[in-house]
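Nothing in this text is a laboratory measurement; each read-out follows from the coordinates by a stated rule. Treat the numbers as computed from the prediction; the structure is a model and nothing was measured. With ideal geometry, Cβ positions are generated from the backbone for all residues, glycine too; neighbour counts draw on all protein chains shown.
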Amino acid sequence: MSHCQLPEDMLVDSLSPMALTLEAVLVDSPDTIEMDASLLEHVDTAGMQLLYAFARDARRDGKTLVWHGLNPQIVDAARLLGMSGMLAMTGH
Amino acid sequence: MDLTEFLAPFFEECFEMLQQMEGDLLALDGGDTSGMAERIGSIFRVAHSIKGGAGTFGFSRITEYTHKLEALLDAMRDGSRQMTPEAVRVLLETVDVLRDMLAAERDGTTANADEIERTLTIIRQMLNGESIAEPVSAPAQPAAVLAEDLPGEPEAVEAAMPDDAFEPVVAAPPFEESPLEDPPGWHVVFRPGDDIAGQGSDPLRILRELAQLGPVQTRVLDDDLPPVHSINPRRNYLGWAIALRADVPRDQVEDVFAWVMDQAEVSIEPLGAGVEPAPEADASVWGESPAEFVSAEPTPVPTPPARVGPDEVVRPGDVSPQAVAAPAQPAAKPTPAAPAPAPASASAPAQAPTVHAVPARAAAAAPGGDAGGSIRVGIDKVDAIIDLVGELVITQSMLGQFSEEVERDGFEVSMLQRLKDGLSQLERNTRELQENVMRIRMLPISVAFNRFPRLVHDLSRQLGKQIELKISGENTELDKTVLEKIGDPLVHLVRNALDHGLEPVDERRAAGKPDTGTLRLNAYHKGGNIIIEIGEDGRGINKARVLAKAREKGLVGADEQLSDDRIHELIFAPGFSTAEQVTDISGRGVGMDVVKRNIHALGGGLEIRSAEGKGTTFVIRLPLTLSIMDSQLVVVGEQTYILPLMSIVESLQIAPDFLSRVAGRAEVYKLREDYIPVIRLNRIFNIPARAVNERPLLVVIEGDGQKVGLMIDDLLGQQQVVIKSLETNFRRIEGLSGSTILGDGTVALILDIGGLFQMGRRLENRKGAAA
């Protein structure tokens with residue numbers, strides 16, 4: 001299992017380094033990726049879009065996301081954007 | 001893309017699926033509650049698949065209808081609606097409606113709009129809990145737990161449908177409080193430009209604002225989203241299709257998007273107006289889902305979310321093998337984004353999204369359906385033919401080698417045996433090849449039998465009788481053409497058996513029989529024929545009543561005595577019925593003669609076995625195929641004719657004393673106790689009679705419910721002949737049904753028994769008139 005700590009903000013202006021980081025996590029991780037969202041407090045559409053693409057690529061590679069410390073606002077954003085299925089935030 | 005070539009298979013599959021749905025419903029109706037969940041799941045999948053396919057071809061009415069049906073079935077799957085006998089009845093009616101709608105699309109006709117509306121109204125009522133038993137309490141397990149158990153289960157396949165991607169943001173009121181059918185609301189398709197973030201707008205904020213107006217369900221349109229490493233975070237690649245379930249004016253919805261109208265494509269249409277967000281959006285995502293391989297859906301089309309708990313929605317991610325494990329830490333609770341009319345935790349979303357994905361690629365229906373005729377052949381049958389062709393090639397090379405040896409060394413008597421062996425092997429190969437090629441056209445009789453469970457189910461209710469249907473031999477195969485033509489006669493016989501044969505419960509009790517009557521359908525092969533039996537344990541044919549009725553109608557003389565068989569035969573007389581009361585089901589006195597005539601036209605026969613108080617069985621005998629026939633070769637003058645072996649009762653040498661004329665008209669022959677009319681074939685076909693034939697032969701044939709003697713000069717052998725159409729190769733000739741080519745290359749004509757009867761009668765009438 002590999003661990004991915006998400007930052008406090010995932011907003012459009014702070015995302016540039018994130019795409020590469022997430023790609024590296026995708027390549028390096030075995031079957032399960034532990035997504036630590038305990039710090040994550042603020043997201044916008046761009047941030048959720050990145051997470052969505054990451055989750056989709058992970059699924060395509062047969063990998064599983066396990067979320068920790070999800071903030072209700074993040075879950076709510078995922079639902080509003082129609083992403084909670086892909087992000088596997090269902091039931092949180 | 002031109003989809004027309006896929007239309008025929010689509011219709012074929014739909015009808016097959018409906019058959020399956022009907023079977024599941026009938027099983028449920030029969031009280032078989034084992035595997036209830038699987039059956040409901042299976043029925044749901046039928047509705048879902050038809051919806052998907054119909055959407056692809058642009059059959060929007062079918063899409064809408066199945067969509068509503070699906071909502072009901074979905075509620076049954078999650079337990080909020082129960083599959084009651086009443087529900088089964090309604091669903092059976094929807095099967096009929098769907099068949100009608102599909103046939104209408106296929107044939108370019110119009111479906112029965114009243115029936116569509118009537119059944120839709122009932123579905124709505126059922127969804128609103130108006131005419132169905134109180135729902136059982138919904139399962140309380142969290143979705144994540146259930147989802148883990150789902151892979152491999154039938155429901156899992158369904159739950160993983162791509163169109164489950166709608167996200168209920170704010171849980172809507174439960175079923176009981178909210179009519180599921182087209183509540184007021186709006187379909188919004190929102191596709192922001194790629195620079196929307198640069199313009200200072202955030203779609204998430206807009207969606208939050210929209211959710212303030214009422215419950216929304218959102219589906220992300222991600223067809224343009226690149227892999228994560230290629231993403232430019234400043235660029236937007238996504239779009240959204242949103243169902244807003246709120247009775248708000250359009251202006252209010254437009255206001256939400258007012259700030260981004262110049263940076264986005266926004267369409268706002270009333271819910272249920274047939275507005276469909278693009279379905280392809282999710283294909284790239286769900287295309288990888290194992291469920292897609294399992295379910296083999298023709299096209300991903302939105303469907304109501306598969307509910308597994310009171311307030312959750314199963315999504316593809318929950319059911320794939322890569323499903324996310326439930327978090328070890330306490331999960332955060334979602335909070336409603338906005339004040340909602342109902343508590344977020346209340347219940348499942350009240351309505352399936354009314355968003356359809358129907359590409360506007362309507363394909364023209366091919367009128368006439370499958371009139372062109374195609375047949376699905378099992379690969380085993382094709383393989384068997386390929387094997388036989390291989391054998392044939394080996395035999396050919398063996399004979400070729402033999403021929404070379406003879407050419408080289410000259411023929412010796414010792415070689416004769418080898419030649420004979422080779423030829424008999426060739427004969428065997430040819431025969432087997434012929435049989436196997438014929439098998440390609442063979443279909444199991446279950447194709448015809450499949451309609452009966454439903455028919456029996458419906459009629460037994462209508463008649464107030466308890467009837468159990470037992471089917472056996474349904475895998476017995478027969479020619480596709482024969483199968484298609486036997487369908488209607490079978491239906492008539494079954495209806496007749498249910499209506500006239502089987503007694504009402506009180507009558508059965510009085511006769512000491514069990515309340516439930518049994519109708520048996522059986523099929524088997526016997527001596528190159530297929531035998532179909534339709535039997536019941538009812539009251540049997542009341543011979544006295546049949547005879548009385550026949551005398552009343554003047555079919556039988558007042559003092560005439562008839563054998564049991566002859567009395568039974570009377571029910572095939574045109575216009576004959578002993579039914580005391582004419583019912584909708586049968587009993588109008590038309591039909592039984594038509595049944596018999598149809599079976600005769602197929603070269604078959606129909607017999608009755610009946611015992612009073614014990615029941616009646618109709619036995620249909622049919623040729624396995626219409627293109628090859630067992631035949632008797634007969635000679636008239638110098639011509640060879642072919643008689644279908646099936647129609648021959650017996651052949652005998654004419655005793656001149658038994659040949660006489662009745663009242664100077666018809667020539668008859670005394671056959672034991674009966675007199676049968678005689679037809680001289682040479683007269684009918686104007687063939688010079690043999691100069692000297694002291695003892696001509698009489699072939700007794702049966703057709704149209706009577707026996708006739710055909711006077712011929714000689715009998716040759718019996719053999720199978722391949723029937724060649726006269727119409728195709730020459731023209732139609734009365735008294736002849738076709739032709740064939742004999743082993744010596746000569747053409748022989750096949751006699752048409754029914755036609756001969758008519759010609760014989762006309763000939764005698766003319767003679768009578770002349771006399």
| field | DSSP-defined beta bridges in chain A - what % are antiparallel, rounded to 5 | value | 0 percent
| Non-local amide H neighbours of B:Leu519 (under 5 Å, H modeled in plane, Pro and chain starts lacking H): which ones? | B:Glu468, B:Leu469, B:Lys470
| message | At 0.36 nm per residue, and after removing the present C-alpha to C-alpha distance, how many nm does the segment from B:Glu115 to B:Glu269 gain when stretched out fully? | response | 52.7 nm
| field | Order of A:Thr21, B:Thr625, A:Thr45 - criterion: other Cβ atoms within 10 Å of each residue's Cβ, fewest first | value | A:Thr21, B:Thr625, A:Thr45
| field | Relative frequency of Cα-Cα separations exceeding 22 Å in region B:628-770, percent | value | 38 percent
| query | B:Asp565 to B:Arg545: FRET efficiency via 1/(1 + (r/R0)^6), r the Cβ-Cβ distance, R0 25 Å, to the nearest 0.05? | reply | 0.90
| query | What's the extension gain from B:Arg451 to B:Glu468 if we count 0.36 nm per residue and subtract their Cα-Cα distance? | reply | 4.7 nm
| note | Rg from C-alpha atoms of region B:443-623, normalised by the globular rule of thumb 2.2 N^0.38 Å, equals 1.01
| query | Given 0.36 nm per residue, what is the gain on full extension from B:Val662 to B:Asp674 after removing their alpha carbon distance, in nm? | reply | 3.0 nm
| remark: The orientation-averaged projected area of the Cα convex hull of chain A, in nm², is 5.0 nm²
| message | Could you tell me the relative contact order of region A:2-87? Use alpha-carbon pairs under 8 Å, at least six residues apart, and round to a whole percent. | response | 35 percent
| Other protein chain Cβ atoms within 10 Å, averaged over every residue that makes up A:68-75 | 4
| field | Anisotropy class of region B:379-440 from Cα gyration tensor, a/c 1.5 cut | value | prolate
